[in-house]
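Scroll down for the structure; my scribbles are underneath it.
The values are calculated or read from the model by the stated rules, or taken from the named source; none is laboratory data. Just so it is clear, the model here is predicted, and its values are computed rather than measured. All Cβ positions, glycine included, derive from the backbone under ideal geometry; neighbour counts span all protein chains shown. Surface areas here come from the heavy atoms of the whole protein model, side chains and all, with no ligands, DNA or RNA. Shrake-Rupley method; radii C 1.70, N 1.55, O 1.52, S 1.80 Å.
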Amino acid sequence: MHIKKLHISPERYLKKHFSLAVFALAALLLYTASCGSTPSSNDGTDAVPPTISSSPDEMELTSAVTPSAPPASSAPTLGVSSYSPEMATEKIREFLDSPHYGIALVSDDLKIDSDNYYTFLISLRGSAIEPLVLVNKLSGELKCILQDNTIAEIATHPLYHETDAVLISWNGTYIILAEDGTLCNYIILAQVDDEHFEFTAYSYLDNQVEELSGVAKISDREASFTSESGTKLFFSWSGANLVLEHSHPQGMGSLTGIYSYTENQDSNVVNVSPQEAVDRLSRMDAKSAGLSGSMQDYFFYVQDDITIMSDRLCYNVLVYSNEENRLFYQEQLFVTLDGKTVYRQEKTSGDMHIFSLQ
């Protein structure tokens with residue numbers, strides 16, 4: 001995810017004059033502690049107030065002032081920053097459903113108009129989740145700052161929600177769409193009992209399709225899955241959005257992200273025509289399709305029915321070879337309606353192979 005670098009200038013003027021005010025206030029407190037109501041000295045004369053010297057750039061007490069500082073409870077609050085960075089971090093964590101998110105302080109001196117803000121970045125296993133979050137130092141009000149440096153309401157952030165009373169369901173289809181509306185990731189959940197649900201997840205990469213399926217164990221609003229090979233999925237919720245953390249022994253997996261519920265994931269993709277599906281098949285490697293030679297040497301016939309393959313709606317494509325002007329059946333391929341993925345099932349073992357057509 002791209003995070004635009006903020007051009008933040010520290011408020012030097014404020015810091016300089018704030019330090020003057022602190023020293024001046026300290027001098028006043030010390031003066032009050034030593035002079036109070038002008039107590040008398042042992043020899044009967046009035047106590048002489050401490051001498052305070054000042055310059056335009058600093059205020060300092062003379063060596064004559066040596067009394068201890070007054071109790072902390074008697075010192076007034078300066079009110080320059082009501083929220084510490086730690087308090088601001090907790091303010092953000094209040095709307096996050098999972099403790100697995102990272103919250104990093106990016107800047108502590110962002111000024112917008114007359115208000116001062118902390119700037120935070122939320123992440124999940126090293127992946128930034130935009131936009132950045134702002135916390136007002138005085139009021140604790142939350143805002144977002146977008147990539148173009150415009151300010152937006154906190155509701156803009158995909159992890160933000162008003163209440164924890166959002167109903168969740170371990171059933172249904174959840175998706176991630178690219179900016180152009182094409183499908184990037186999707187997962188189908190089907191709860192089998194109070195403690196488990198089955199899932200099948202897909203991620204569309206540049207040159208391959210990653211698929212993962214299994215049975216996850218539910219623990220309140222979270223769930224987890226670990227495969228025999230060490231691949232892990234952690235499920236949590238942000239409002240009505242499903243949050244996945246995907247990892248395997250080699251590092252972070254491609255299924256990590258924030259998923260939105262959809263009634264029908266296939267309605268969220270731009271379907272290609274049967275002819276375009278054939279055109280894409282003709283450009284793939286013949287060996288990947290279990291064939292020899294070139295795909296240009298084969299004929300493709302798209303059947304009228306739409307087939308469900310691995311929970312996806314697919315075109316059913318029969319592949320024929322041409323030998324002495326006779327067609328011989330060679331292979332059956334299934335192309336998803338978005339034209340991105342092709343499935344091929346081994347005739348003998350029944351093993352399923354998945355390839356990308358992007």
Next on the checklist: Here's a check for you: in the range 136-149, which residue that is over 19 Å from the mean Cα position of the chain (by Cα), at negative phi and not charged (D, E, K, R) is surrounded by the fewest Cβ atoms within 10 Å (Cβ to Cβ)?
Outcome noted: Ser139
Item to check | Search result, residues across the range 231-260 that are open to solvent by less than 30 Å² (accessible area, probe 1.4 Å) and over 17 Å from Ser203 (Cβ atoms) | outcome: Ser236, Trp237, Ser238, Gly239
Next on the checklist: So, in the range 113-130, how many residues would count as being over 16 Å from Thr256 (Cα atoms), part of a strand (DSSP E or B) and open to solvent by 20 Å² or more (accessible area, probe 1.4 Å)?
Outcome noted: 3
Checklist entry - Of the conditions (1) over 14 Å from Ile154 (Cα atoms); (2) open to solvent by less than 40 Å² (accessible area, probe 1.4 Å); (3) not charged (D, E, K, R), Val133 fails just one. Which one is it? => result (1)
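For the subset of the range 325-357 comprising residues that are in a loop (DSSP other than H, G, I, E, B) and of a type in the set (D, E, K, R), which member is most open to solvent (accessible area, probe 1.4 Å)? Walk me through how you get there before you give the answer.
First, the residues of the range 325-357 that are in a loop (DSSP other than H, G, I, E, B): 325, 337-340, 346-351, 357.
Okay, now just the ones that are also of a type in the set (D, E, K, R), so 338, 340, 346-347, 351.
Working: Asp338: 11, Lys340: 25, Glu346: 60, Lys347: 134, Asp351: 87 Å².
Out of the qualifying residues, it is Lys347.
Counting only residues that are among the polar types (S, T, N, Q) and either open to solvent by less than 40 Å² (accessible area, probe 1.4 Å) or at pLDDT 90 or above (or both), which one in the range 162-181 is nearest to Ala216 (Cα to Cα)?
Applying the first criterion (among the polar types (S, T, N, Q)) to the range 162-181 yields 163, 169, 171, 173.
Narrowing further to those that are either open to solvent by less than 40 Å² (accessible area, probe 1.4 Å) or at pLDDT 90 or above (or both): 171, 173.
Numbers: Asn171: 12, Thr173: 15 Å.
My answer is Asn171.
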Checklist entry - Which strands (runs of 3 or more DSSP E) sit wholly inside the range 185-268 and have at least 3 residues that are more than 19 Å from Leu96 (Cβ to Cβ) and at pLDDT 90 or above? => result 196-204, 209-219
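So, in the range 315-324, of the ones that are more than 14 Å from Met295 (Cα to Cα) and assigned to a strand (DSSP E or B), which residue ends up farthest from the chain's Cα centre (by Cα)? Explain how you work it out, then say what you get.
Applying the first criterion (more than 14 Å from Met295 (Cα to Cα)) to the range 315-324 yields 315-316, 323-324.
Narrowing further to those that are assigned to a strand (DSSP E or B): 315-316, 323.
On the way: Tyr315: 35, Asn316: 37, Glu323: 55 Å.
Taking the candidates together, the pick is Glu323.
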Checklist entry - When residues of the range 137-154 are filtered for being more than 16 Å from Ser107 (Cα to Cα), small (Gly, Ala, Ser) and assigned to a loop (DSSP other than H, G, I, E, B), how many remain? => result 1
Item to check | Residues that are modelled with pLDDT of 90 or more, not small (Gly, Ala, Ser) and not in a strand (DSSP E or B), drawn from the range 86-112 | outcome: Glu86, Met87, Thr89, Glu90, Lys91, Ile92
